[in-house]
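One structure below.
Laboratory data are not the source of any read-out in this text; all were calculated from the coordinates shown. Everything quoted here is computed from the prediction, not taken from an experiment. Positions of Cβ are generated from backbone atoms using ideal geometry, with glycine treated the same way; all protein chains shown enter the neighbour counts.
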């Protein structure tokens, strides 16, 4: 119970990686606000958290919209009266050849993946500073900050920016005992990647590039998230923890 009586917000918590982290936090004793643009998905995960004996609170949020983010944070504080942990997980990818990327597509990906983490991080950090009890922020980046493809340029740019944002936030918030770190996964089999990984040839090509020789499920991120959220990492900030089957070592 390494997160016993802690309160966490997980954005994009209604499915995939966010769902796994939200449920993993609950198993370690945390109460969790499941923030997602799809409220039905958030309600489903919140129900699973309650089944584990913890408080689960579903809340709708569009992380790219400041008003929506501020309303989400206000609702969470009304429900729990505090937040100890924020996981900026909400994200989209999009697969468009670089020369065909529209300004609208660029803005969509950067707004959700990068601006969304900034808006949520700033809104929650302000509350943490006011409370004076410190806190933890975890940003979900990607190995695509180091390995790019010609059809995912906006995504790679957004995740690269998020990695740098992590470092900047860590330095800015350290005086308030707010630790900011990142988790960098390789491709994880989720709803977002299913269309790609369901193609046998593509899946086997990707798998062959992973030293551990398997494509992981979202649950592989849970241990890393719990470590960074817990007191076990009390002297860790501004770091990126790779959870990528060894790809970044190649």
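Would you mind telling me the antiparallel percentage of the DSSP bridges in the chain, rounded to 5?
Numbers: 0 of 28 bridges.
In the chain, approximately 0 percent of DSSP beta bridges are antiparallel ones.
Here the relative contact order of the chain, from alpha carbon pairs under 8 Å that lie six or more residues apart, stands at 19 percent. Taking the Cα atoms of the chain, the ratio Rg/Rh between the radius of gyration and the Kirkwood radius comes to 0.95.
Between residue 213 and residue 174, the FRET efficiency estimated from the beta carbon spacing at R0 = 51 angstrom works out to 0.85.
Protection proxy ranking of 3-11, 203-211, by the mean of other Cβ atoms within 10 Å over each peptide's residues and highest first, is 3-11, 203-211. Fewest neighbouring Cβ atoms within 10 Å first, the residues 1, 72 line up as 1, 72. Highest mean first, the peptides 124-137, 26-39, 148-161 sorted by other C-beta atoms within 10 Å per residue fall in the order 26-39, 148-161, 124-137. With respect to the chain, whose longest principal axis is taken over its alpha-carbon atoms, helix 39-51 is tilted by about 60°. One Cα centroid belongs to the stretch 1-42, the other to the stretch 109-155; the line between them spans 16 Å. Using the Cβ-Cβ distance between residue 98 and residue 71 with R0 set to 41 Å, the FRET efficiency works out to roughly 0.70.
Helical runs (DSSP H, four residues minimum) scored at -39500 (n - 2.57) apiece and divided by the length of the chain put the mean residue ellipticity at 222 nm at -13500 deg cm²/dmol.
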